[in-house]
Amino acid sequence: MKSEQKQVNDWIKKQKIQYFTPFEMLACLTEETGEVAREICHRFGAKKKKSTESMADLGDELADIIFSVVCMANALDINLDKHFKKVMDKCNSRDKDRWTKS
């Protein structure tokens, strides 16, 4: 994610307003997550969209979440590559027998 973190940071540096506070970034992340939840609900749940509403691009909505997470990581000086590796190590060790293999 080093490339993504740099790309976002380079873009942020060009803006008058820099990174938001951690609480504001959490609010943005929550908002973006809600947009994904709403789209999933409309596509796969009982609550369908109104005939006047168009389908959102789920990939775009997920990418908004990634952008928000990267902003938060950058602002808090967190190396996502390092921490994502730790998550995958955990999946491959602690959880190696947790799920049925294909």
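Assuming Glu39 fulfils every condition listed in (1) among the acidic types (Asp, Glu); (2) in a loop (DSSP other than H, G, I, E, B); (3) surrounded by 10 or more Cβ atoms within 10 Å (Cβ to Cβ) apart from one, which condition is it?
It is condition (2) that Glu39 fails.
Please go through the range 5-24 and pick out each residue that is over 28 Å from Ser54 (Cβ atoms) and either among the acidic types (Asp, Glu) or assigned to a helix (DSSP H, G or I) (or both).
Gln5, Lys6, Gln7, Asn9, Asp10, Ile12, Lys13, Pro22, Phe23, Glu24
Of the conditions (1) at pLDDT below 95; (2) under 23 Å from Lys13 (Cβ atoms); (3) not charged (D, E, K, R), Ile78 clears all except one; give me its number.
Ile78 satisfies every listed condition except (1).
Could you tell me whether Thr33 is of a type in the set (Val, Ile, Thr) and either surrounded by 15 or more Cβ atoms within 10 Å (Cβ to Cβ) or at pLDDT below 95 (or both)?
Here the answer is yes, as Thr33 does meet what is asked.
How many residues does the range 1-56 contain that are farther than 17 Å from Ile78 by Cα, among the hydrophobic types (A, V, I, L, M, F, W, C) and out of contact with any helix residue (DSSP H, G or I) (no Cβ under 6 Å at 6 or more places or on another chain)?
Of the residues in that region, 9 qualify.
The values are calculated or read from the model by the stated rules, or taken from the named source; none is laboratory data. These numbers were taken from a predicted model, which means no experiment stands behind them. Heads up, the Cβs are rebuilt from the backbone with ideal geometry, glycines too, and the neighbour counts pull from every protein chain shown.
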